[in-house]
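The values are calculated or read from the model by the stated rules, or taken from the named source; none is laboratory data. These numbers were taken from a predicted model, which means no experiment stands behind them. Don't worry about glycine lacking a Cβ; one is built from the backbone with ideal geometry, like all the others, and counts go over all protein chains shown. Accessible surface is based on the protein model in full, side chains and every heavy atom, while ligands, DNA and RNA are left aside. Shrake-Rupley method; radii C 1.70, N 1.55, O 1.52, S 1.80 Å.
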Amino acid sequence: MPRTLDGQITMEKTPSYFVTREAPARISAMSKDTKLIVVVRDPVTRAISDYTQTLSKRPDIPTFESLTFKNRTTGLIDTSWSAIQIGIYAKHLEHWLRHFPIGQMLFVSGERLISDPAGELGRVQDFLGLKRIITDKHFYFNKTKGFPCLKKAEGSSKPHCLGKTKGRTHPEIDREVVRLLREFYRPFNLKFYQMTGQDFGWDG
């Protein structure tokens, strides 16, 4: 990481940190004071989205349904499949809490980031000790993508939307498979809500 002067914040992001077992110890060894921001979304939607992204690169992969189960007859979920495994947030958070207090972590709702980007980014600004500069007036909703976009990107007069890889249409998934996945994730979600003190509303 580059040197950070007083009055500066250095940020770095990668989706894989939260689920990489070695990451918490490494980050703690670098700086115990690091503030951590984790964006989470409904693990069922996340798994389908993960599959959709892989499908766009490798159209010959098996169906979502066949990858979800170790045994379809018994309904045994294959937790070794990364698309499923990543959404067991409580399990990943346990590793982080061995190295960081919960107060140094902010959990951002992926759903609220879409429905109320300014509100969710207000929480991020508060967490980082920044003035609330980003407000509703900085966003407009792009109906085609189904996401909010920035009206004007930094240093540009053009609006900025998430790239082509975001907002893809998900394939139709068997309702029974979705129901079984919701059942599978429910206890992990409830544990995650307890650990974070936040109800993300994925089980309503």
Inset, instruction - Under 21 Å Cα to Cα from LYS131, which lysines show up? Leave out anything in the same chain fewer than 8 places away. - result: LYS35, LYS151, LYS152
Inset, instruction - Just the number, please: Stokes-Einstein D of region 89-204 in µm²/s, Kirkwood Rh from C-alpha pairs, 10 °C, 1.306 mPa s. - result: 94 µm²/s
Legend entry - Accessible surface, 1.4 Å probe, highest first, among residues MET1, MET30: MET1, MET30
Inset, instruction - Run down the aspartates and glutamates and flag those whose C-alpha is under 18 Å from the C-alpha of LYS70, throwing out any fewer than 8 positions away in its chain. - result: ASP78, ASP174, GLU176, GLU183
Legend entry - Karplus-derived HN-Hα couplings along region 18-29 (A = 6.51, B = -1.76, C = 1.60, θ = phi - 60°), whole Hz, x at Gly and Pro: 4, 9, 9, 4, 7, 4, x, 5, 5, 5, 5, 5
Inset, instruction - Along Cα→Cβ, 7 Å out, is where each label goes; now give me the distance between the ones at THR74 and LYS32 in nm to one decimal. - result: 4.6 nm
Legend entry - Amide H contacts of ASN142 (H built 1.01 Å from N, under 5 Å, at least 5 apart or other chain): PHE147, CYS149
Inset, instruction - Might you work out the accessible area of ARG186 for me, using a 1.4 Å probe with all protein chains in place, and round it to the nearest 10 Å²? - result: 90 Å²
Legend entry - DSSP-loop trypsin sites (Lys or Arg not before Pro) across region 1-61, with at most 10 other Cβ within 10 angstrom: ARG3, LYS13, ARG21
Inset, instruction - Take the Cα atoms of the chain, find their three principal axes, and give me the spread along each one in whole Å, biggest first. - result: 59, 42, 32
Inset, instruction - Note down the relative contact order for the chain as a percent, whole number, built from C-alpha pairs under 8 angstrom at least six residues apart. - result: 22 percent
Legend entry - CD proxy at 222 nm, helix term only [per DSSP H run n ≥ 4: -39500 (n - 2.57); per residue of the chain; nearest 500]: -11500 deg cm²/dmol
Inset, instruction - Order the peptides 85-93, 141-149 from the highest to the lowest mean number of other Cβ atoms within 10 Å of their residues. - result: 85-93, 141-149
Inset, instruction - For region 105-145 and region 24-100, compute the distance between their C-alpha centroids and round to whole Å. - result: 23 Å
Legend entry - DSSP bridge pairs, the chain: antiparallel proportion in percent, nearest 5: 60 percent
Legend entry - Between helix 117-127 and the chain: long-axis angle, C-alpha atoms, 0 to 90°, nearest 10: 60 degrees
Legend entry - Straight-distance crosslink candidates among aspartates and glutamates, where the alpha carbon sits under 20 Å from LYS57 and sequence neighbours closer than 8 are dropped: GLU65, GLU172
